[in-house]
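Here's the structure, in structure tokens; my notes come after.
All of the numbers you see were taken from the coordinates with simple rules; none came from a lab. Predicted, not measured: the structure shown is a model, and the values here were computed from it. Glycine gets a Cβ as well: all are built from the backbone with ideal geometry, and neighbour counts include every protein chain shown.
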Amino acid sequence: MISRVTNIFKQSSIKRLFMILLGFKMGLNFLLSAIGYIFISEEAMNLLPFLEAMDYNPLFLFVLFVFIGPISEALVFQYFFIEISALFESQILLIIAFLLSAVSFAMLHSYSTFYMVSMFLMGLLYNAIYLGLKKHRKDIVPYLFIVFLHAANNFIAFNVMYWQYK
């Protein structure tokens, strides 16, 4: 299994790799949302602050969620945490940074406990993709790849929520 994932990272074109990972991430989003709605009350998944802000200024939220958020979050949670820890060439420090980055990413998305758990898993996924690209693909800048992946995800999520609740 790990060798298949490694081969995908090594041998896929940038476009194919992006589409595979975006599809995987969107599938994970769907699965987590389904689990939330089936096993947890809708109130516990509270995204009300987001929806109320949508009424205030959707264009500002769009720019924030699709551009500013992914650029700044990838800079802090992938580039800063992982690259700084890599300077020390310690596997333990890298694992700590990997987990601390995901926890910090989740805490930034504290709309509800369930959403924080979901974002912790997404943070782990972004970190794994970042490290996989850093290790196996010298032709891709991992930071930019994560920014585009995150932005594409947020673009889809923003539009789904906007048109669902409008």
Task: Total lysine pairs whose alpha carbons fall under 24 Å of each other in the chain (8 or more apart, or interchain) - done: 11
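Once you order the gyration tensor axes a ≥ b ≥ c over the Cα atoms, which shape class does region 67-118 get: rounded for a/c under 1.5, otherwise prolate or oblate by comparing a/b with b/c? Can you show the working numbers first?
On the way: a/c = 4.47, a/b = 1.56, b/c = 2.87.
Since a/c reaches 1.5 but b/c is at least a/b, the shape of region 67-118 is classed as oblate.
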- [ ] With label points built 7 Å along Cα→Cβ from the Cα atoms of PHE80 and MET116, find their separation and express it in nm.
- [x] 1.9
- [ ] Set the Förster radius R0 to 25 Å, insert the Cβ-Cβ distance between ALA128 and ILE92 as r into 1/(1 + (r/R0)^6), and round the FRET efficiency to 0.05.
- [x] 0.90
- [ ] Just add up the charged neighbours of MET122: K/R +1, D/E -1, any other residue whose Cβ is under 14 Å from the Cβ of MET122.
- [x] 0
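Report relative contact order for region 2-165 in percent, whole number only (criteria: Cα-Cα under 8 Å, sequence separation at least 6). Spell out each step's value before the answer.
On the way: 131 pairs, mean separation 52.2, N = 164.
Value for region 2-165: 32 percent.
Mind checking the full-extension length gain between ARG4 and SER72? Use 0.36 nm per residue of separation minus the Cα-Cα distance, one decimal, nm. Spell out each step's value before the answer.
Numbers: separation 68, 0.36 × 68 = 24.48 nm, distance 3.13 nm.
Working it through step by step, the gained length comes to 21.3 nm.
Taking 25 °C and 0.890 mPa s as the conditions, I'd like the Stokes-Einstein D for region 2-165 in µm²/s, using the Kirkwood hydrodynamic radius from alpha carbon pairs. The partial results should precede the final answer.
Numbers: Rh = 16.7 Å.
Taking Rh from Cα pairs, D becomes 147 µm²/s.
Taking 22 Å as R0, compute the FRET efficiency from the Cβ-Cβ separation of HIS109 and TRP163 and round it to 0.05. All intermediate terms of the calculation are to be shown ahead of the outcome.
Details: r = 21 Å, r/R0 = 0.97.
With a Förster radius of 22 Å, E is 0.55.
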Open item on the list: Explain nothing, just compute: Karplus ³J(HN,Hα) = 6.51 cos²θ - 1.76 cosθ + 1.60, θ = phi - 60°, for every residue of region 132-137 in order, whole Hz, x for Gly and Pro.
Closed with: x, 5, 4, 7, 10, 10
